[in-house]
Amino acid sequence: MLRARVIVMPKSGVLDPQGRAVLGGLHSMGYGEVEDVRVGKEIVLNLREMPDGEAHRRVKEMCEKLLANPIIEEFRYTLERG
């Protein structure tokens, strides 16, 4: 089995309202040392066995077409065998 771990984050310079809310909450709880927060998502995909090249191509395609909004988000992923 292959496992793809996809991390999707807002692009730098894109407003991140969730990050701002978390930052405000941390500051109100006394964690003033936190200077910035960006909130993203992790998506875990369990895939059937396939060659590495095909797996990379398919996961990248999934990210570009559905899992990330290329206008405001960036993504990275890892593949694990197990």
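Quick note: the coordinates plus some simple rules give every number you see, no bench work behind them. In this text, all values refer to a predicted model and were calculated from it rather than measured experimentally. Using ideal geometry, Cβ is built from the backbone for each residue, glycine included, and neighbour counts are taken over all protein chains shown.
Comparing Met50, Met29, Met62 in a Gaussian network model of the chain (Cα springs below 10 Å), the most mobile by mean-square fluctuation is Met29.
What number, rounded to the nearest 500 deg cm²/dmol, is the helix-based mean residue ellipticity at 222 nm of the chain, given -39500 (n - 2.57) per DSSP H run of at least four residues and division by all its residues? Counting only the DSSP helices, I get -8500 deg cm²/dmol.
Computing FRET efficiency as 1/(1 + (r/R0)^6) for Leu26 and Glu49, where r is the C-beta to C-beta distance and R0 is 35 Å, gives about 0.25. Residues in region 35-44 carry Karplus couplings, in order, of 9, 7, 9, 10, 10, x, 9, 10, 10, 10 Hz; the curve used is 6.51 cos²θ - 1.76 cosθ + 1.60 with θ = phi - 60°, and Gly or Pro positions show x. In a DSSP loop and with at most 12 other Cβ atoms within 10 Å, the trypsin sites (Lys or Arg not before Pro) in region 1-71 are Arg48. Each other residue within a Cβ distance under 15 Å of Ala4 adds +1 if Lys or Arg and -1 if Asp or Glu, for a net charge of +3.
Here r is the Cβ-Cβ distance between Ile72 and Glu35 and R0 is 25 Å; the resulting FRET efficiency, rounded to 0.05, is 0.70.
Please compute the alpha carbon radius of gyration of region 30-69, then divide it by the globular-protein estimate 2.2 N^0.38 Å. Two decimals is fine. The partial results should precede the final answer.
Details: Rg = 16.3 Å, N = 40, 2.2 N^0.38 = 8.9 Å.
The value comes to 1.82.
In plain terms, the bigger the Kirkwood radius, the slower the diffusion; for region 2-81, with that radius from Cα pairs, at 4 °C and 1.567 mPa s, Stokes-Einstein puts D at 91 µm²/s.
Between Ile43, Gly30, Ala55, the Cα set farthest toward the positive side of the dipole of the chain (charges on each charged residue's Cβ, about the Cα centre) is that of Ala55. Taking the C-alpha atoms only, the angle from helix 17-28 to the longest principal axis of the chain is near 50 degrees. Largest GNM mean-square fluctuation across Ala68, Ala55, Ala21, computed for the chain with C-alpha springs under 10 Å, falls on Ala21.
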